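I have placed the structure first, in the form of structure tokens, so that the comments after it can refer back to it.
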Amino acid sequence: MNRKWIIAMLWLLTFSLALGQAPVSLAATTQGDETPKFTAIAGEYYHFLALDNNGNVWGWGTNISGQLGDERMDYHVAPFRIAGIGHVRLIAAGYAHSTAVTEAGEVWQWGNYRANMPGATAADIQLSHVPKRVEGINNVVGVADSAFYTLVLKKDGTVWGWGRNSKGELGTGHATTFEPNPVQVSQLSNIKALYASFDQSYAVDDKGKLWRWGSVPECNAERGSCVEQVVTVPERFEALDQVSLISEDMAVLQDGTVWKWGLNYQGSLGVGSDVHAYSDKPYKLIDLTDLIEISGTKAVTKEGEVWSWGPNNYGQVGDGTTSSHTKPVLLKGIQDVAAVTSGEEITVALTHDGTLYRWGQNRNGEIANITHNVMPPTRVSTTSPDLHYTLPIPKDGLRWTYLDEHYSPIKDSQIYFKTLPYSEGLAAVQRASDSLWTFIDESGKRPFLKEFQVVREYHEGLAAVKLPTGWTYINKLGKDVGKGGYNAAESFSEGMAAVLQGGKWGYLDQTGKMRIPPAYAEARSFSGGLAAVRINGKWGFIDKSGKVVIPAKYQAAESFSDKAAPVSLNGKWGFISKNGSWFIKPQYEAAKGHGGSGLAPVKTNGKWGYASISGKMVISAQFDDAAMFSEGLAAVRKNGKWAVLGSNGKTVTGYVFTEIKPYSKGAAWVKDGTQQGYLDRNGKWIYKSASQ
């Protein structure tokens, strides 16, 4: 269940809601083993961190805000070592940022937790993928991350915080939109543990007293409703005492008993009831004792057993089912657990031998390279999958991915708004994180880190890309070619590319030099050594020196293919040779290129057929529309539906498709009324999914 939704519903439902975050970890790491062993974990939303016994931090999951410390802001299904930070003893994770505390008590952060916060200035949001030290704080022995703010515990028992403070989350005595620098939480001393929720903070002192501040719900049993109270100074949570562990609306007391309060969404209170309500009164969970760690609706006993309960629609309980549980259940298949941490319907566990396990939602491949949710608990592989991207597919209207060479969907957590097919080993993708375009290689990795507003496919080693200053060209290393700044740019063909400058089109060579000065109202790509251009309202053809070799006299013209170019003269289409003579004199209502197949779509008497370069109608005019042949196959339409046609004039499929894209790498993308996917050259489905 989305946490933002829960927070919003807190003040709209009959009963209020409140959310929490991961508890503070005070465990120190050890040094000495040659092979890294994981000793601590942290997680939030869809990203997770692990600490090894050499003081290194590892991360996996989403990195769209740089929270994994990787400049390639995408997704990772396997843990990798985060550069730029070492000698770490504590880790914590927020919504889109990460925090580490070193052995020296310094605090380092990376990601972007300050972005989109009211009152945050440009200087406040400079947190990036590179770990940076937080100035003004030291001697830190504990840390707790919220979505948009951070609390730390100093060695002297005082608590400090920075980030969002709109609900008094930092406990300074007043609510402010944003605090960029560490400030001390008022009236707290001798603190031993911390916890930071979405907008509510907790602290436990050395007497076991529980303190809270921020957005605190105040409920009235008689009215059956709750209202939000903004508490800017820590106040006692009188309902509990002698607290030893604190987590998301849950506490463990020194006598070993476990208490839970807050929202009872699908049994998340764990008391046997599925009534959707909020309780500010803690309930004792009688089935749980001797706990060493708690997180969300998960608890770990000193024997290493994991108990879990609550919503389970994604398998997040971990019992191998999707049925919610109103009381804790003991998980089978996982034992000797030392710690758990909860993300967005995802749980990660760490065993005493340093092994990582995960389970829960995997709808977009957030945590595993598989096509379904992870259930029951499954070991986390530390090796990235060997992937080979081949053909783009839309997963739904806003998420795209690729098929591999076996026509199976790639499931590596990459989420794109749009993709382009591979060309010369690289494909353009529009990133979900910022709607900008970049390029990936056939393993899904980015060969360079530049990003663009619009892109075209690579041709002849160069790609046209749009920057805020205009269009330019880049090579396969991402380096600019030429000065750029063009109003429009087309792909390279035969060493030349058409660009628009000052309202006129000209041609560049592959060094970026303008070989043919801008002089044309419109311009096509070079093919067969010639390019169609529009001069004074008429179309003609030029060679690579810019010389007009076929006079501009046609109403329309397309590029040469198979030694012929379709042109329109006096309202009729025909085909000309490179010396301007007629292969087929004007006689068609419309025409398209031969495309190297020897057959060109032509329209006569309101129907489309296919003619050879000699003018022979090889496939009779019978279609409502017809596409050019690609890899020996073409799409034709009758009565509003498309079919695949062979060069022998016989259909490979029935007229059942609403869309057919040209064949590429032996497959064509198609849609019908209920499904979409790729067909092979025999018209058989090789990949199929629900139509969007």
Q) Residues of segment 664-690 being under 18 Å from ALA627 (Cα atoms) and of a type in the set (A, V, I, L, M), which ones? A) ALA667, ALA668, VAL670, LEU679
Q. Taking segment 653-683 only, how many residues are among the β-branched types (Val, Ile, Thr) and open to solvent by less than 50 Å² (accessible area, probe 1.4 Å)?
A. 3
Q.
Just to be sure I understand the filter: pairs with C-beta atoms under 8 Å, separated by 6 or more residues or on different chains, first member in segment 485-510 and free of Cβ contacts under 8 Å to residues at least 24 places away in the same chain and among the basic types (Lys, Arg), second member assigned to a strand (DSSP E or B) and crowded, with 16+ Cβ neighbours inside 10 Å. Which pairs pass?
A. LYS504/PRO518; LYS504/TYR520
Q | Scope segment 627-643; condition in a strand (DSSP E or B) and of a type in the set (D, E, K, R); matching residues | A | ARG637, LYS638, LYS641
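Conditions (1) outside any loop (DSSP other than H, G, I, E, B); (2) farther than 30 Å from LYS578 by Cβ; (3) touching a helix residue (DSSP H, G or I) at 6+ places or on another chain (Cβ under 9 Å), marked per residue:
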residue	(1), (2), (3)
GLY595	no, no, no
VAL602	yes, no, no
TRP608	yes, no, no
ALA611	yes, no, no
LEU645	yes, no, no
GLY654	no, yes, no
VAL670	yes, yes, no
GLY673	no, yes, no
Q: Give the number of residues within segment 302-319 that are more than 19 Å from LEU356 (Cβ to Cβ) and open to solvent by less than 40 Å² (accessible area, probe 1.4 Å).
A: 4
(Q) Please determine whether any residue of segment 322-330 is farther than 27 Å from VAL57 by Cβ, of a type in the set (Ser, Thr, Tyr), in contact (Cβ under 8 Å) with a residue 12 or more places away in the chain and in contact with a Pro (Cβ under 9 Å, 6 or more places away or on another chain). (A) yes
Q: Would you mind finding the one in GLU451, GLU457, GLU405 that is modelled with pLDDT of 95 or more, open to solvent by 10 Å² or more (accessible area, probe 1.4 Å) and over 23 Å from ILE334 (Cβ atoms)?
A: GLU457
**Q.** Check on ALA349, surrounded by fewer than 23 Cβ atoms within 10 Å (Cβ to Cβ), in contact with a strand residue (DSSP E or B) (Cβ under 7 Å, 6 or more places away or on another chain) and among the aliphatic types (A, V, I, L, M)
**A.** no
Q. Do any strands (runs of 3 or more DSSP E) entirely within segment 27-84 hold 3 or more residues that are modelled with pLDDT under 90 and open to solvent by less than 10 Å² (accessible area, probe 1.4 Å), and if so, which?
A. none
Q: Tell me, please, whether a residue that is charged (D, E, K, R) and more than 35 Å from the chain's Cα centre (by Cα) can be found in segment 260-267.
A: no
Q: Have a look at ALA552, ALA532, ALA564, ALA497 and point out the one that is under 39 Å from the mean Cα position of the chain (by Cα), buried (at least 16 other Cβ atoms within 10 Å of the Cβ) and not polar (S, T, N, Q).
A: ALA497
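Name the residue, out of PHE178, PHE148, PHE198, that is open to solvent by 10 Å² or more (accessible area, probe 1.4 Å) and in contact with an Asp or Glu (Cβ under 8 Å, 6 or more places away or on another chain).
PHE178
The values are calculated or read from the model by the stated rules, or taken from the named source; none is laboratory data. Small disclaimer: the values here were computed from a predicted structure and weren't measured. Cβ atoms come from the backbone with ideal geometry, glycine included; neighbour counts cover every protein chain shown. Protein only, heavy atoms only, side chains kept; ligands, DNA and RNA dropped before computing areas. Shrake-Rupley method; radii C 1.70, N 1.55, O 1.52, S 1.80 Å.
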